[in-house]
Amino acid sequence: MPSRTLSAATLERVSDLLDKYGSSLTGQPRSAIAALLDVLEDGLRGTLAPSYYLSAIDPGIGKSLSVASFLRAWKEQGFQPASSVLIGLSRLEEINTYIASAGLDACDVAVLTSSEEHNALGLPKDLHGTARVMFTTQQMIERRTRGKTFREAEEFHFQGAPRTLRIWDESLVPAQGLALGADELALLPGALRTKRREHADAARSFLADLWGAKDGERLLVPEAFGCLSPRTLSKGSPREAAALETAIRLTGQNAVVVEANTGEKLLVGASQPLPADFAPVVILDASGRVRSTYDVWQRSGAPLVRLPAAANDYRRLRLKLWERSVGKNAVSQPGAAEDIVKALAELIDDDDDDNARWLFISYKDLSIEGPLRALLKADLGDRLQFLTWGMHHGTNAFAACNKVVLIGQLTYGTAGYLALAAACGASITEGAEETLAALKAGEYRHNLLQALTRASVRRSVSGVAGICTAYVIASSNVGMREMLPEVFPGCDIERWAPDVPEVGGRAGQLIELLRFGMRDRVGRLAKGDLAAALGMQKANFSRLLRQPAVRDFLEANHIRIEHQVLVIPKGFDPWPEGGFTSDEIGLQDGIVMDQ
């Protein structure tokens with residue numbers, strides 16, 4: 001067969017299918033799909049160099065359709081070239097979709113997962129090596145290749161050799177970031193004492209070392225854990241088993257000590273990476289153009305090849321941004337969640353689209369469904385759908401929702417970002433600040449893209465994303481106003497400022513003083529002067545700064561608290577309601593502005 005005839009035929013098939021759906025494949029999307037198909041054919045023929053090939057194509061353009069059409073065309077040509085495929089998926093439901101879309105029969109397929117129901121979609125286990133296409137999960141690949149080469153993982157073989165074309169659907173990080181808290185480690189001495197006395201003593205001694213270590217210090221995880229297996233605690237609690245498994249996977253590493261704000265101490269490191277001979281691999285990751293993990297991984301020396309990317313045109317996406325303190329701690333403060341739910345209820349009640357379907361994505365610990373439904377004037381039933389951060393990717397079940405509300409942002413904490421950096425092969429001690437900042441911003445962008453594209457915006461037509469309105473509630477220190485146009489090029493962004501209860505008392509007075517400073521572009525306000533103007537002691541003023549309403553205002557307006565002053569950013573646009581003049585405030589309250 002002439003070179004790449006399979007990819008060329010598939011490209012025309014995909015183009016024809018999209019034409020039937022009322023779409024077209026032209027320009028940047030066509031180039032990106034063509035490049036992906038060429039690499040798939042080269043991988044099938046075994047001519048790819050041992051690298052990781054990243055295809056970053058936005059949802060709705062036709063990436064999954066193209067891969068399924070490629071497999072279908074390969075089957076129609078009698079599985080020529082004679083080869084084999086391994087597809088690692090993040091969700092079991094995708095297996096059914098792939099098999100149906102690619103027109104594969106049970107005799108063509110091997111399915112290796114922890115689900116017997118899904119495994120039954122293909123050949124019996126003893127015949128897996130004869131199936132041209134194997135579907136498995138990314139977790140299964142990672143687990144079955146621990147401590148060995150990919151060639152040694154025979155369960156993934158075809159006719160006695162590693163499968164030639166390997167596809168990793170969705171994000172790939174070469175290792176798993178690991179964090180073991182002192183509280184989790186403290187479970188092990190008691191759990192191990194009866195059967196593994198010497199290991200219990202080692203765990204107890206290491207726990208003392210951890211509590212005595214300083215933030216940022218490195219600790220060598222004892223080799224004693226490496227002699228154990230997760231099955232050692234087969235009768236223990238899931239929490240004990242998880243702690244032991246993490247300790248085993250950190251064995252022999254100089255893990256970094258992280259002191260959390262809660263006082264907890266954690267050990268941070270990463271698992272062993274995927275085996276070097278796992279490459280070549282084709283990565284299908286819609287977040288590839290906005291996530292920073294690939295940049296960090298590439299700087300660490302990884303053989304990463306970026307294929308032409310394709311972003312949708314988001315001109316039909318209206319984004320309304322409400323900047324307020326909405327971190328997990330902030331929304332747990334008294335009255336904070338109620339303010340948000342009340343604003344959302346008013347938004348829905350005032351909406352003139354009687355057919356709107358809403359998708360809400362919020363924290364798992366923030367229960368908004370019950371309170372929101374209770375406040376609404378009408379029962380909207382299944383027109384309201386709810387997801388939590390962490391479950392906001394890998395599903396098309398909410399594509400009919402044309403209104404989206406994102407509450408807060410998924411954050412990993414200091415230990416989480418350090419673990420992610422370690423998983424990407426980066427140093428997590430010296431000079432890690434820049435890497436961590438890049439990873440944090442990249443993960444915000446990644447989660448934004450994944451969350452919003454669960455809804456109707458994913459219904460791309462000829463490279464233009466679907467019609468959708470999204471209400472984003474985010475903390476101002478995240479930099480969401482700058483991120484949104486990066487993630488959704490061409491989108492329309494408006495400020496959204498729901499009416500919230502007026503702030504009274506000293507908190508309200510302080511906010512008025514700060515508004516004056518913003519209006520007059522005062523750079524720095526002395527804490528002592530503000531406290532004196534309010535007739536407060538400095539200690540009470542410090543507590544006032546921690547009140548939720550004041551903290552929300554400071555975050556929303558990028559006002560920083562330094563040692564003795566509040567710093568207002570230069571060039572700040574004053575709030576439209578204005579405030580006092582400098583003369584008025586100076587005469588009335590005697591405030592001295594620290595310039």
Across segment 524-583, what is the total count of residues that are out of contact with any Lys or Arg (no Cβ under 7 Å at 6 or more places or on another chain), of a type in the set (Gly, Ala, Ser), modelled with pLDDT under 85 and part of a loop (DSSP other than H, G, I, E, B)? 1
Name the single residue, out of those in segment 84-105 being more than 27 Å from the chain's Cα centre (by Cα) and assigned to a helix (DSSP H, G or I), that is farthest from Val281 (Cα to Cα). Ala100
Based on what the data block shows, is Leu420 touching a residue at least 60 places away in the same chain (Cβ under 8 Å), within 17 Å of Arg291 (Cβ to Cβ), crowded, with 19+ Cβ neighbours inside 10 Å and under 15 Å from the mean Cα position of the chain (by Cα)? yes
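Name every residue in segment 5-28 that is open to solvent by less than 20 Å² (accessible area, probe 1.4 Å) and in contact with a strand residue (DSSP E or B) (Cβ under 8 Å, 6 or more places away or on another chain), in order of residue number. Full working, then the answer.
In the first step, residues of segment 5-28 are kept if they are open to solvent by less than 20 Å² (accessible area, probe 1.4 Å); the result is 6-7, 10, 14-15, 18, 23, 25.
The answer is Ser23, and nothing else.
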Taking Ile511, is it open to solvent by less than 70 Å² (accessible area, probe 1.4 Å), outside any loop (DSSP other than H, G, I, E, B), touching a Pro at 6+ places or on another chain (Cβ under 8 Å) and not acidic (Asp, Glu)? no
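Working only within segment 465-480, note down all residues that are open to solvent by less than 10 Å² (accessible area, probe 1.4 Å) and in a loop (DSSP other than H, G, I, E, B).
Going through segment 465-480, the residues open to solvent by less than 10 Å² (accessible area, probe 1.4 Å) turn out to be 465-466, 468, 470, 472-476, 480.
Of everything in segment 465-480, those that are open to solvent by less than 10 Å² (accessible area, probe 1.4 Å) and in a loop (DSSP other than H, G, I, E, B) turn out to be Ala465, Gly466, Ser475.
Among the residues that make up segment 129-146, is at least one of them surrounded by 15 or more Cβ atoms within 10 Å (Cβ to Cβ), under 22 Å from Ser229 (Cβ atoms), in contact with a strand residue (DSSP E or B) (Cβ under 8 Å, 6 or more places away or on another chain) and not hydrophobic (A, V, I, L, M, F, W, C)? Explain how you work it out, then say what you get.
So the first thing to find is which residues in segment 129-146 are surrounded by 15 or more Cβ atoms within 10 Å (Cβ to Cβ), and the list is 129, 131-138, 140-142, 144-145.
Still in the list and also under 22 Å from Ser229 (Cβ atoms): 137, 140-142, 144-145.
Now narrow it down to the ones that are in contact with a strand residue (DSSP E or B) (Cβ under 8 Å, 6 or more places away or on another chain): 137, 140-141.
Within this subset, residues satisfying the condition of being not hydrophobic (A, V, I, L, M, F, W, C) are 137.
Within segment 129-146 (the criterion being surrounded by 15 or more Cβ atoms within 10 Å (Cβ to Cβ), under 22 Å from Ser229 (Cβ atoms), in contact with a strand residue (DSSP E or B) (Cβ under 8 Å, 6 or more places away or on another chain) and not hydrophobic (A, V, I, L, M, F, W, C)), the answer is yes, since at least one residue qualifies.
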If you scan segment 46-60, which residues turn out to be within 27 Å of the chain's Cα centre (by Cα) and open to solvent by 10 Å² or more (accessible area, probe 1.4 Å)? Ser51, Tyr52, Tyr53, Pro59, Gly60
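Among strands (runs of 3 or more DSSP E) lying entirely in segment 203-284, which contain 2 or more residues that are β-branched (Val, Ile, Thr) and crowded, with 18+ Cβ neighbours inside 10 Å?
Working: elements: 218-220, 254-259, 265-270, 281-284.
Counting at least 2 such residues, we get 254-259, 281-284.
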Residue by residue through segment 134-183, note down the ones that are part of a strand (DSSP E or B) and closer than 30 Å to Asn261 by Cα. Gly177, Leu178, Ala179, Leu180, Gly181
Matching residues in segment 64-91 - criterion: being of a type in the set (Gly, Ala, Ser) and surrounded by fewer than 20 Cβ atoms within 10 Å (Cβ to Cβ): Ser64, Gly78, Ala82, Ser83, Ser90
Among the residues of segment 362-377, how many are open to solvent by less than 60 Å² (accessible area, probe 1.4 Å) and either within 14 Å of Ala399 (Cα to Cα) or without any contact (Cβ under 8 Å) to a residue 12 or more places away in the chain (or both)? 1
Phe541 versus (1) more than 26 Å from Val331 (Cβ to Cβ); (2) free of Cβ contacts under 8 Å to residues at least 24 places away in the same chain; (3) buried (at least 17 other Cβ atoms within 10 Å of the Cβ): which is the lone unmet condition? (1)
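On the basis of being under 22 Å from Val173 (Cα atoms) and not acidic (Asp, Glu), does Lys125 make the cut? Don't jump to the end; show me each part of the working.
Values: under 22 Å from Val173 (Cα atoms): no; not acidic (Asp, Glu): yes.
Spelling it out, it is not the case that Lys125 is under 22 Å from Val173 (Cα atoms) and not acidic (Asp, Glu).
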Tell me, which residue of segment 331-365 that is in contact with a helix residue (DSSP H, G or I) (Cβ under 7 Å, 6 or more places away or on another chain) and among the basic types (Lys, Arg) is nearest to Ile473 (Cα to Cα)? Lys342
Asp354 passes all but one of (1) under 23 Å from Phe553 (Cβ atoms); (2) modelled with pLDDT under 95; which number fails? (1)
Pairs needed: first member in segment 92-109, on the phi > 0 side of the Ramachandran plot; second member anywhere, open to solvent by less than 30 Å² (accessible area, probe 1.4 Å); C-beta distance under 9 Å; at least 6 residues apart or different chains. Gly103/Ala68; Gly103/Leu71
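The values are calculated or read from the model by the stated rules, or taken from the named source; none is laboratory data. If you're wondering where the values come from, they're calculated on a predicted model, not measured in any experiment. As a convention, Cβ positions derive from the backbone with ideal geometry for all residues, glycine included, and neighbour counts pool all protein chains shown. Accessible surface is based on the protein model in full, side chains and every heavy atom, while ligands, DNA and RNA are left aside. Shrake-Rupley method; radii C 1.70, N 1.55, O 1.52, S 1.80 Å.
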